[in-house]
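The values are calculated or read from the model by the stated rules, or taken from the named source; none is laboratory data. Just so it is clear, the structure is predicted and the values come from calculations on it, not from any experiment. Note that each Cβ is placed from the backbone with ideal geometry, even for glycine, and that neighbours are counted across all protein chains shown.
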Amino acid sequence: MYSYNQFDKDFNQTRVNQFRQQVERRIDGSLTEDEFKPLRLMNGLYLQLHAYMLRVAIPYGTLRSAQMDQLAMIADKYDRGYGHFTTRQNIQFNWPTLNDVPDILQDLADVEMHAIQTSGNCIRNVTADHFAGASADEIEDPRPTAELLRQWSTDHPEFAFLGRKFKIAITGAPNDRAVTKAHDIGLRMVRNDAGDAGYEVIVGGGLGRTPMIGKVLRDFLPRADLLPYIESVMQVYNVLGRRDNKYKARIKITVHENGIEKIREMVEERFVLQRAAFGGFDQELLTELEAAFEPPVYISAPFDDFNAAYRTDPAFRSFVDTNLSAHKNDQYSIVSISIKKHGQTPGDATSAQMRVMADLARKYGHDELRISHEQNVILPHVHKSHLYTIYQALKDVELATANIGLISDIIACPGMDYCALATARSIPIAQQIATRFDELKLENDIGPLKIKISGCINACGHHHVGHIGILGLDRAGVENYQITLGGDGTQDANIGERAGPGFSYDDIIPAVERIIVAYLDLRQDSTETFLDAYKRMGVEPFKLALYPPAKVAAE
Amino acid sequence: MARAFSPKVLTANRLLEGDVVYLGRDGQWVSNHQDAVLFNDEIEANNQLAHAKTQPDLFVGPYLANAEMRNGHPTPTHFREEFRTRGPSNYIHGKQENSNV
């Protein structure tokens, strides 16, 4: 894993010191809120419905144990003993006071973390496949490139005041777990005909008010050309991107209005100049970063205990079958820890849970943890001989829920329980869906299903790419929930189709249940997933279940 | 024709804690919505809002929010304002911790 060099440390410390002074000046009245707001947003500090919220970056979702321990310490010392992991691989603290924030940033800096560029119209925290460096299907670990992008984009003067926020995601695997097609720039590692690894560059994806699937700008970009090429994209966006209308300012609109061909032409033109201007330092740096992300020294040992426990403990078997993914080393597994026990808030972990996960990573996981955009925590490198011990330790702190990829593994934004932008609540909807299907004992029978819930049109909960998406709105002063169906956030990305009129807070859970009952009735057999069934049959049978004709006629 | 003025409370977030406050009946800022003063007069409401804006070292983002008198107390008419009176629904945090709301 990458460790800060002296430059990183000095830079981060300077930012902490600057923000400390800015907070002091705000409190003593020398700065007005209008003057202070852009400064606090540059440091991830929001004012939400009930309190301040500090959004801390977890670059490309990677954490060391000591960093997770520090997040737990911060949760206890300055907050309410928990943190909320978000869909952009950040962690949010919901209850800090303004005068504590400089101390929190200092505590973060002490473990090489920060809240820089987690807000504002700049290049945001670069996200990556949460299985990076571990997954069996990977071409290469994308994190050296992600770190290169982090360093390049941090405080980049040309891109500090863009027309709008800008999000980059990267994956090194053909199975896209980073939703690259719904980002301003998505990078997918691919091989060309000669077998060289490079990037497919996708541009103009995004959810929110105007959801768009990204378009391929370059189908193969040699790795050495990445920074000059991305810089060219940013420059073209800075020239063409609209600043007259906030809702038309994202690059997806720029691509939509100008056409991908024009964008490509302009980018390629800029790229000739940019490539010549790059002196090769970026490649030297990348080589250093690649060394920092060397795979761990894997152990080789028998794992008979794992096989025995798998045979004899059915709950462990269920955990293994549901929460484990294939590692590139066949003695290892990737363990996804669900922080979504039925009825709990998606993405929330208590400080005690964070410490247990940190401890397990330290003892059995080569000191590494990941945060997924699906709001779970991952131990990316676990030897099979340690799996049963880990499972038992997780069970003690209610972290052994075997629901990864199932109906209760729901993405939900904070919604109107916290967020000042929200138009309705998301969290209680997620809690009730999870609890309901747990009661019905249908979860495993239903199989793979992604429900994603957003509490406003900005779509932090990725509802457009949920197999079942739920969007909470304010309709005439009442919470109202719209359903979209058939969305997909993978390499086959697709925007879900709106099913019809929305449902009230009380009616949305029964509505979801009707969709599921229809799916169970209509699927060819238990191997046909919800998404496959949807693709085969389309939206109509689900519309019929949601809006039964008899009921419509009676109204 | 000008639209009829609907009654309002004056609300903001406290600068240091970020928690929700309301202008109270005796001119003090209070935490409990029930203790807020309900303005029936648009000019008076706007005057108080303008005055609150001159105190940026105490409050952030003052605004007027719709409310109505119910059981002798000002009560929010919109769910967002109702949530602001108590805190989030997933934990007993925020105002609801220290009160019977």
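Looking at the stretch A:314-328, is at least one residue more than 23 Å from A:Ala75 (Cβ to Cβ), at pLDDT 95 or above, among the acidic types (Asp, Glu) and not assigned by TED's automatic domain parsing to the domain that holds A:Ser426? Don't jump to the end; show me each part of the working.
From the stretch A:314-328, those more than 23 Å from A:Ala75 (Cβ to Cβ) are A:314-328; that's our starting set.
From what is left, the residues that are at pLDDT 95 or above are A:314-328.
Within this subset, residues satisfying the condition of being among the acidic types (Asp, Glu) are A:321.
Retained after the next criterion (residues that are not assigned by TED's automatic domain parsing to the domain that holds A:Ser426): A:321.
Taking every residue of the stretch A:314-328 in turn, at least one turns out to be more than 23 Å from A:Ala75 (Cβ to Cβ), at pLDDT 95 or above, among the acidic types (Asp, Glu) and not assigned by TED's automatic domain parsing to the domain that holds A:Ser426.
Is it the case that B:Asn46 is more than 10 Å from every other protein chain (Cβ to nearest Cβ) and outside any strand (DSSP E or B)?
Working: more than 10 Å from every other protein chain (Cβ to nearest Cβ): yes; outside any strand (DSSP E or B): yes.
For B:Asn46, the condition - more than 10 Å from every other protein chain (Cβ to nearest Cβ) and outside any strand (DSSP E or B) - is met.
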Say whether the condition of being away from chain B (no Cβ under 13 Å), in contact with a His (Cβ under 8 Å, 6 or more places away or on another chain), modelled with pLDDT of 95 or more and surrounded by 24 or more Cβ atoms within 10 Å (Cβ to Cβ) is met by at least one residue in the stretch A:411-422.
-> yes
Odd one out for B:Ile92, checked against (1) at pLDDT 95 or above; (2) more than 30 Å from A:Thr345 (Cα to Cα); (3) surrounded by fewer than 14 Cβ atoms within 10 Å (Cβ to Cβ) = (2)
Could you grab me the full set of residues in the stretch A:16-50 that are assigned to a loop (DSSP other than H, G, I, E, B) and within 10 Å of chain B (Cβ to nearest Cβ)?
-> A:Asp28, A:Gly29, A:Ser30, A:Leu31, A:Thr32, A:Gln48, A:Leu49, A:His50
Those residues of the stretch A:423-438 which are within 10 Å of another protein chain (Cβ to nearest Cβ), surrounded by fewer than 24 Cβ atoms within 10 Å (Cβ to Cβ) and not in a loop (DSSP other than H, G, I, E, B), in sequence order = A:Pro428, A:Gln431
Quick check: anything in the stretch A:15-32 assigned by TED's automatic domain parsing to the domain that holds A:Asp79, touching a strand residue (DSSP E or B) at 6+ places or on another chain (Cβ under 6 Å) and either under 27 Å from A:Tyr418 (Cβ atoms) or not hydrophobic (A, V, I, L, M, F, W, C) (or both)?
-> no
Among the residues of the stretch A:479-503, which ones are surrounded by fewer than 17 Cβ atoms within 10 Å (Cβ to Cβ) and in contact with a helix residue (DSSP H, G or I) (Cβ under 7 Å, 6 or more places away or on another chain)?
-> A:Gly500
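What about B:Pro56, is it within 14 Å of chain A (Cβ to nearest Cβ), in contact with a helix residue (DSSP H, G or I) (Cβ under 6 Å, 6 or more places away or on another chain) and farther than 28 Å from A:Asp28 by Cα?
Values: within 14 Å of chain A (Cβ to nearest Cβ): yes; in contact with a helix residue (DSSP H, G or I) (Cβ under 6 Å, 6 or more places away or on another chain): yes; farther than 28 Å from A:Asp28 by Cα: no.
In short, no.
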Given (1) within 9 Å of chain A (Cβ to nearest Cβ); (2) part of a strand (DSSP E or B); (3) small (Gly, Ala, Ser), number of the condition B:Ser89 does not satisfy | (2)
Residues of the stretch B:51-82 being hydrophobic (A, V, I, L, M, F, W, C) and out of contact with any Pro (no Cβ under 9 Å at 6 or more places or on another chain), in sequence order, are B:Leu58, B:Phe59, B:Val60, B:Leu64, B:Phe79
Hey, A:Arg243 hits all of (1) closer than 24 Å to A:Thr145 by Cα; (2) part of a loop (DSSP other than H, G, I, E, B); (3) in contact with a Gly (Cβ under 9 Å, 6 or more places away or on another chain) but one; which does it fall short on?
-> (1)
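I'd like the residue in the stretch A:51-108 that is among the aromatic types (Phe, Trp, Tyr) and in a strand (DSSP E or B) and, out of all such residues, is farthest from the other protein chains (Cβ to nearest Cβ). Can you show your working first?
As a first pass, look at the stretch A:51-108 and keep what is among the aromatic types (Phe, Trp, Tyr): A:52, A:60, A:78, A:82, A:85, A:93, A:95.
Adding the requirement that they be in a strand (DSSP E or B) leaves A:52, A:82, A:85, A:93.
On the way: A:Tyr52: 4, A:Tyr82: 8, A:Phe85: 15, A:Phe93: 12 Å.
Here the answer is A:Phe85.
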In the stretch A:456-497, the residues that are within 17 Å of the chain's Cα centre (by Cα), within 22 Å of A:Lys246 (Cα to Cα) and among the small types (Gly, Ala, Ser) = A:Ala459, A:Gly461
Per the list (1) modelled with pLDDT of 95 or more; (2) farther than 16 Å from B:Leu58 by Cβ; (3) out of contact with any strand residue (DSSP E or B) (no Cβ under 6 Å at 6 or more places or on another chain), residue check on A:Pro38 breaks on (1)
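When residues of the stretch B:64-85 are filtered for being of a type in the set (D, E, K, R), within 19 Å of A:Gly415 (Cα to Cα) and more than 9 Å from chain A (Cβ to nearest Cβ), how many remain? I'd like the intermediate steps shown before the answer.
The initial filter retains those residues of the stretch B:64-85 that are of a type in the set (D, E, K, R), namely B:68, B:70, B:80-82, B:84.
Subset that is within 19 Å of A:Gly415 (Cα to Cα): B:80-82, B:84.
From the residues that got through so far, the ones that are more than 9 Å from chain A (Cβ to nearest Cβ) too are B:81-82.
Matching residues across the stretch B:64-85 total 2.
Take A:Phe7 and decide whether it is crowded, with 18+ Cβ neighbours inside 10 Å and in a helix (DSSP H, G or I).
Numbers: crowded, with 18+ Cβ neighbours inside 10 Å: no; in a helix (DSSP H, G or I): yes.
Against the criterion (crowded, with 18+ Cβ neighbours inside 10 Å and in a helix (DSSP H, G or I)), A:Phe7 does not qualify.
Kindly check whether there is at least one residue in the stretch A:470-487 that is among the hydrophobic types (A, V, I, L, M, F, W, C) and at positive phi. Don't jump to the end; show me each part of the working.
The initial filter retains those residues of the stretch A:470-487 that are among the hydrophobic types (A, V, I, L, M, F, W, C), namely A:470-471, A:473, A:476, A:478, A:483, A:485.
Now drop any that are not at positive phi, which leaves A:476.
Yes, because at least one residue in the stretch A:470-487 is among the hydrophobic types (A, V, I, L, M, F, W, C) and at positive phi.
Name the single residue, out of those in the stretch B:4-41 being assigned to a loop (DSSP other than H, G, I, E, B) and among the hydrophobic types (A, V, I, L, M, F, W, C), that is farthest from the other protein chains (Cβ to nearest Cβ). Walk me through how you get there before you give the answer.
Applying the first criterion (assigned to a loop (DSSP other than H, G, I, E, B)) to the stretch B:4-41 yields B:4-7, B:15-19, B:25-28, B:31-32, B:37-38, B:40-41.
If we keep only those that are among the hydrophobic types (A, V, I, L, M, F, W, C) too, we end up with B:4-5, B:15-16, B:37-38.
Details: B:Ala4: 17, B:Phe5: 18, B:Leu15: 6, B:Leu16: 5, B:Val37: 21, B:Leu38: 18 Å.
Across the stretch B:4-41, the extreme among qualifying residues is B:Val37.
Just wondering, is there one or more residues in the stretch A:439-455 that are among the charged types (D, E, K, R), more than 26 Å from the chain's Cα centre (by Cα) and surrounded by 15 or more Cβ atoms within 10 Å (Cβ to Cβ)? Step through it out loud before you land on a result.
Of all residues in the stretch A:439-455, those among the charged types (D, E, K, R) come to A:439, A:441, A:443, A:445, A:450, A:452.
Going one step further and asking which of them are more than 26 Å from the chain's Cα centre (by Cα), we end up with A:439, A:441, A:445.
Within this subset, residues satisfying the condition of being surrounded by 15 or more Cβ atoms within 10 Å (Cβ to Cβ) are none.
No, every residue in the stretch A:439-455 fails to be among the charged types (D, E, K, R), more than 26 Å from the chain's Cα centre (by Cα) and surrounded by 15 or more Cβ atoms within 10 Å (Cβ to Cβ).
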Unique residue being touching a residue at least 40 places away in the same chain (Cβ under 8 Å), among the aliphatic types (A, V, I, L, M) and over 26 Å from A:Ile446 (Cα atoms) when the list is A:Leu399, A:Leu369, A:Leu394 = A:Leu369
